[in-house]
Structures are given as structure tokens and as C-alpha cells.
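Note sheet for the following structure.
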Amino acid sequence: MNILHITAECYPIAKVGGLADVAGALPKYQNELKTNSNVVMPFYNNTFTQNNNFEKVYNNTLKLGDQNHNYTILKIEDDALGFDLFCVDVPSLLYKDYVYSVDDTDRFLAFQIATLDWVLTLEKKPDIIHTHDHHTGLIPFMVSQCFKYESLKFTPTVLTIHNAQYQGWFAHNKVNLIPQFNFDNVGLLDWGGNINPLAAAIKCSWRVTTVSPSYMEELKQKANGLEDLLNHESAKCVGILNGIDWKVWNPETDSHIIKNYKKSTIVSGKKANKDWLCKKYNLDNKKPLFVFIGRLVHEKGADLFSEIFKKALSENDISILLLGSGDKTNEESLKPLLTLPNFNAHIGYDEKLSHIIYAGGDFLLMPSRVEPCGLNQMYSLRYGTVPIVNAIGGLKDTIIDIKNDGFGIRHNGVNIEETTKAIARATAFYQNKKEFSNNSKKIMEIDHSWNNSAQEYVKLYQSLKN
Ligand code: ADP
Ligand code: GLC
């Protein structure tokens with residue numbers, strides 16, 4: 001079975017968040033199940049693309065409204081990814097050093113049109129087209145409606161919603177950018193008076209998945225305006241929990257971390273990583289280390305961090321280290337805390353540092369208001385770091401509280417009281433050294449590898465081929 005994943009991000013080529021991790025791992029694990037899964041993404045100007053060799057496999061000109069853009073399809077020469085990677089290079093639009101910005105409508109439309117134009121020329125067509133989020137949300141519409149893609153009409157399309165908050169809206173006066181279709185069906189593109197690529201994908205895809213079962217249920221209640229649509233389409237919707245790339249995220253072999261470790265060497269291994277972090281960030285290594293890694297946005301609770309951290313640090317004998325970037329006001333709000341002795345922050349994006357923090361932290365904070373799946377909590381389990389999560393979306397599906405014979409700490413609701421209470425519970429848990437250490441060993445063994453979920457996706461594809 002030939003599966004083509006179409007995505008804006010893919011690790012290790014270009015990553016903003018968890019979408020990249022999923023797009024870089026799921027196809028690899030699907031290929032272990034004897035499928036032929038490949039990835040197509042935009043060609044960005046970044047360190048990865050500058051340092052890798054690509055072969056030109058196709059070039060042509062695409063039409064975006066009345067503009068013509070030359071494009072090339074590049075295939076990576078290195079075969080270490082576990083799948084074939086194709087990048088769409090539209091020099092006039094996509095070859096930028098950022099993934100997302102204000103010009104995304106034109107950029108991602110050009111990407112989607114170029115991709116489908118190229119797919120039309122392939123001798124071996126995909127059996128399944130799997131799109132991810134709104135950036136590729138017009139593909140299911142174009143495949144089913146645009147005259148020039150008529151020959152792909154019966155190719156099943158699957159949409160995975162990683163985050164329904166962002167929908168890619170644009171005004172109807174840009175409809176001429178989409179290749180010609182029967183205008184009687186323009187309603188398929190519309191939701192609430194705008195062209196809404198995510199809504200169009202929900203309407204036109206053969207199946208819709210979300211990245212955890214709980215998130216699917218939550219979206220039916222709260223989906224940034226798409227609740228009714230999701231309820232209406234619920235027969236074709238299913239939640240499939242993400243996995244993590246077991247090979248990349250493995251403390252025994254991770255080349256990013258200071259000292260590798262496994263269950264039997266967790267104490268010395270975690271200590272070496274924690275000592276390194278505490279030295280670098282001027283924190284006391286005797287205190288339990290609470291860490292946060294992620295985007296500093298409202299969804300992650302980041303607008304409350306400065307208040308939460310101030311209160312938690314004044315009430316508990318702990319240290320906090322944060323790695324993240326995002327909304328400028330949230331970044332700014334953390335600056336006054338830098339004068340506190342037990343707090344430090346690295347504002348920015350740093351893949352290597354994130355691995356050391358997963359390894360060296362004692363607790364990982366995730367007070368997310370919205371978390372479609374969340375990968376950080378699963379990485380932290382793999383590194384023996386106890387997650388503290390708000391019980392929502394994928395966090396609810398993966399973390400059981402120690403009060404209920406579980407292994408993590410859950411709180412209900414994101415506010416200063418609930419979150420600091422959870423931090424206080426964690427601090428008390430840390431004092432019981434034996435219990436804490438047994439728990440850390442136990443969580444390293446919880447299997448969140450892609451094996452099961454990759455299989456579920458393959459079953460879903462098979463059901464569409466029968
Ligand atoms: P989201 O995709 O909503 O940001 P996820 O939990 O699915 O959240 O995935 C976030 C991914 O991005 C993880 O791999 C995490 O380690 C990584 N990440 C987030 N922020 C940073 C950062 N500032 N530096 C390094 N890695 C980061
Ligand atoms: C999104 C979600 C996150 C999820 C990731 C990968 O970015 O916000 O919860 O883990 O996609 O599916």
C-alpha cells in the first residue's frame with residue numbers, strides 16, 4: 001500500500017512542534033509494517049536543507065491565480081529517515097528560513113497545488129493521501145472537486161487534526177487561487193463566511209482522525225467554531241493516540257544528553273544530566289528540579305507561568321527551569337523571575353537542550369489548557385521524569401495520578417491554585433526517595449512507542465481500500 005503523508009513540518013527537516021515529530025516518525029513505523037509510506041513537505045531554507053543533498057526529480061510551473069511559479073520536487077539522497085522524503089521547492093514562496101508566517105495562505109496553497117500536480121505525473125500513484133492540519137487541508141477538497149485532479153478522485157484521503165485551534169482561514173476573494181472546480185460546490189470550502197481549510201478537510205476527507213481519543217470528544221464540545229461540523233461528521237471521525245519515536249527518544253542511546261542511562265543506571269544517569277543543567281543555569285542540584293519545555297502560548301497555560309512559578313517557588317524548596325519561546329508578552333512576563341535564585345529560563349528553541357532537560361529534570365510541568373495529544377509527557381516518561389499535567393486531551397489519556405495507583409500527577413483545571421497544589425504534591429512525593437526512585441524506574445518502561453498506533457492507522461487505511 002502506497003501512503004503519501006503531506007505535511008508542513010517533519011522532523012528532523014523542519015520542526016516547530018509535535019506535528020514534526022509525528023510526521024517524522026509515523027511513516028517510519030508504518031514502513032516497518034510493510035507499507036510504502038513517504039512524506040512530502042515544503043523545502044525551507046534551513047540548516048538541515050543546507051547540509052543535506054537532494055536530487056531533482058521533477059520540475060514545472062504552477063498556477064496560483066494569475067501568477068506562475070516555478071517549482072522543483074527534490075528527493076533527499078540520504079535514506080536514513082526510514083521513508084522517502086520529497087520537498088517541494090517553490091523558490092518565490094517557500095524557500096524561507098521560517099516555517100510559518102503571515103503569508104501562509106499563498107505559500108501553503110502553492111505547496112498543495114505543486115504536490116498534486118506532481119502526484120498526477122507519478123507512475124505509481126498513492127493508494128492513500130494522508131494530510132495533516134489546515135496547512136494541507138485543501139488537498140481533500142481539490143482531489144474531490146478540482147477538474148484537473150479528476151483522476152485522483154477515488155483516492156481515499158485521511159485528515160489528522162493535530163490542533164483544531166488553527167484553521168487557516170482566508171477570505172472568499174482569494175478563491176481564484178484554487179484550481180477550477182464546479183462553483184456550485186463552493187460551500188464545501190466555507191465555514192462561517194470564510195474559506196476554512198480545516199473545515200473543508202473535515203468535510204471532504206474520507207476519514208478524520210485526532211491525535212488522542214479524548215481530544216476527539218473534547219472537539220465535539222469546543223473546537224474554535226467547528227463543534228457542529230465535527231458532530232455532524234462524527235461517523236467518520238476517530239481518535240488515535242500518537243506514539244513517540246522510540247529510537248530517537250531513548251536515554252540509553254541519545255547522543256544529545258550528557259550521560260546515557262537505562263533503568264538500572266537511572267540514578268547516576270539522571271544525576272549527571274541534572275548536575276550539568278544546574279551548573280549551567282546556576283540552580284541548586286539538591287532541590288527537586290521542575291522543568292517546562294514548549295511553546296509559550298495560552299494553550300500551554302504560559303500566560304500564568306510567572307504567577308504560578310512565583311507562588312510555587314515561595315512555598316516549596318524547589319528549582320524551576322524553562323525552555324521555550326512564543327508570545328512576546330509571555331516571554332517578557334518571565335524576565336522579572338530571572339532575579340530569583342531558584343529559577344532560570346532559556347528563551348528560544350534548542351533541540352539538544354530539550355533532550356538534556358527531559359533527562360535531567362525530576363518533574364515535567366504541562367499545565368495545558370488544550371493538549372490534543374502532547375508528546376512531552378511521553379518523552380518525560382521515557383527518561384524517568386515525572387509528568388505533572390492538567391487532565392485534558394492526550395494528557396488525560398496517558399497519565400494516571402499516583403493517588404489512583406498511577407505514576408504521574410494530574411490536576412483539574414489550569415489556574416494558579418490547582419497548578420501550585422500539584423507542584424506541592426510533587427514536592428512531597430520527592431521527599432520519599434525510595435518511592436520516588438521506584439516510580440521513575442517504572443515510568444521508563446511504559447510503552448508509548450508507535451507500534452500500536454501505526455498499526456491502527458494501517459487498519460484504517462485498509463478499511464478504505466476494501
Ligand atoms: P506542540 O506540538 O503543541 O508544541 P507537543 O507536546 O506535541 O506540543 O510537542 C512539542 C515538541 O516540540 C516536543 O518535541 C518538544 O520537545 C519540542 N519543543 C517545544 N518547544 C521547544 C523548545 N523551545 N526547544 C526545543 N524543543 C522544543
Ligand atoms: C499539536 C498538538 C500537540 C500534539 C502534536 C502532535 O501540535 O498541540 O498536542 O502532540 O500536535 O500531534
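The values are calculated or read from the model by the stated rules, or taken from the named source; none is laboratory data. Everything quoted here is computed from the prediction, not taken from an experiment. Ideal geometry is used to build each Cβ from the backbone, glycine not excepted, and the neighbour counts take in all protein chains shown.
Remarks
- Residue in the range 451-459 that is more than 16 Å from ligand 2 (Cβ to nearest atom) and under 21 Å from LYS274 (Cβ atoms) present: no
- Close Cβ contacts (under 7 Å, 6 or more residues apart or on different chains) running from residues in the range 292-319 that are within 16 Å of ligand 1 (Cβ to nearest atom) to residues that are part of a strand (DSSP E or B) and hydroxyl-bearing (Ser, Thr, Tyr) comprise LEU296/SER325.
- Long-range neighbours under 7 Å by Cβ, at least six apart or interchain, first residue assigned by TED's automatic domain parsing to the domain that holds ASN273 and on the phi > 0 side of the Ramachandran plot within the range 360-384, second assigned to a loop (DSSP other than H, G, I, E, B) and within 14 Å of ligand 2 (Cβ to nearest atom): GLY374/SER368
- Restricting the search to helices (runs of 4 or more DSSP H) fully inside the range 255-339 and requiring at least 2 residues that are hydrophobic (A, V, I, L, M, F, W, C) and out of contact with any strand residue (DSSP E or B) (no Cβ under 7 Å at 6 or more places or on another chain) gives 266-280, 305-315.
- From ASN415, ASN404, residue being without any contact (Cβ under 8 Å) to a residue 12 or more places away in the chain, more than 30 Å from CYS237 (Cα to Cα) and not hydrophobic (A, V, I, L, M, F, W, C): ASN404
- Positions within the range 1-12 being among the hydrophobic types (A, V, I, L, M, F, W, C) and either assigned to a strand (DSSP E or B) or away from ligand 1 (no atom under 16 Å from the Cβ) (or both), in sequence order: MET1, ILE3, LEU4, ILE6, CYS10
- Within the range 364-383, the set of residues being farther than 16 Å from ILE244 by Cα and basic (Lys, Arg) comprises just one member, ARG369.
- Residues of the range 190-214 that turn out to be closer than 30 Å to MET378 by Cβ, out of contact with any Asp or Glu (no Cβ under 8 Å at 6 or more places or on another chain) and either among the β-branched types (Val, Ile, Thr) or assigned to a helix (DSSP H, G or I) (or both), as a count: 5
- Of all the residues in the range 66-107, those that are acidic (Asp, Glu) and exposed (fewer than 15 other Cβ atoms within 10 Å of the Cβ) number 6.
- Look at (1) on the phi < 0 side of the Ramachandran plot; (2) surrounded by fewer than 16 Cβ atoms within 10 Å (Cβ to Cβ); (3) at pLDDT below 95 and you find that LYS63 fails only one, number (3).
- Selection within the range 13-28 - within 11 Å of ligand 1 (Cβ to nearest atom) and either in contact with a Pro (Cβ under 6 Å, 6 or more places away or on another chain) or not in a helix (DSSP H, G or I) (or both): LYS15, VAL16, GLY17
- Residue pairs whose Cβ atoms lie under 7 Å apart, sitting 6 or more positions apart in sequence or on different chains, and linking a residue in the range 269-283 that is touching a residue at least 60 places away in the same chain (Cβ under 8 Å) to a partner that is surrounded by 15 or more Cβ atoms within 10 Å (Cβ to Cβ) and among the polar types (S, T, N, Q), are GLY269/ASN260; TYR281/ASN344; ASN282/ASN344; LEU283/SER319; LEU283/ASN342; LEU283/ASN344.
- Qualifying residue in the range 235-252 (condition: touching a Phe, Trp or Tyr at 6+ places or on another chain (Cβ under 6 Å), more than 30 Å from VAL211 (Cα to Cα), touching a residue at least 12 places away in the same chain (Cβ under 8 Å) and part of a loop (DSSP other than H, G, I, E, B)): no
- Test set (1) within 16 Å of ligand 1 (Cβ to nearest atom); (2) of a type in the set (A, V, I, L, M); (3) at pLDDT below 95 - ALA164 fails condition number: (3)
- Scan of the range 289-311 for residues that are within 22 Å of TYR379 (Cβ to Cβ) and more than 16 Å from ligand 2 (Cβ to nearest atom), ordered by number: LEU289, PHE290, VAL291, PHE305, ILE308, PHE309
- Looking only at the range 417-429, and only at residues there that are of a type outside the set (S, T, N, Q) and surrounded by fewer than 21 Cβ atoms within 10 Å (Cβ to Cβ), the one that is farthest from ligand 1 (Cβ to nearest atom): ALA428
- No other residue among TYR95, TYR58 is more than 16 Å from ligand 2 (Cβ to nearest atom), assigned to a loop (DSSP other than H, G, I, E, B) and in contact with a Phe, Trp or Tyr (Cβ under 7 Å, 6 or more places away or on another chain) apart from TYR95.
- Of the residues examined, VAL22 is one that is within 16 Å of ligand 2 (Cβ to nearest atom), modelled with pLDDT of 95 or more and among the hydrophobic types (A, V, I, L, M, F, W, C).
- Breaking point among (1) aromatic (Phe, Trp, Tyr); (2) in contact with a Phe, Trp or Tyr (Cβ under 9 Å, 6 or more places away or on another chain); (3) farther than 20 Å from LEU464 by Cα, for PHE141: (3)
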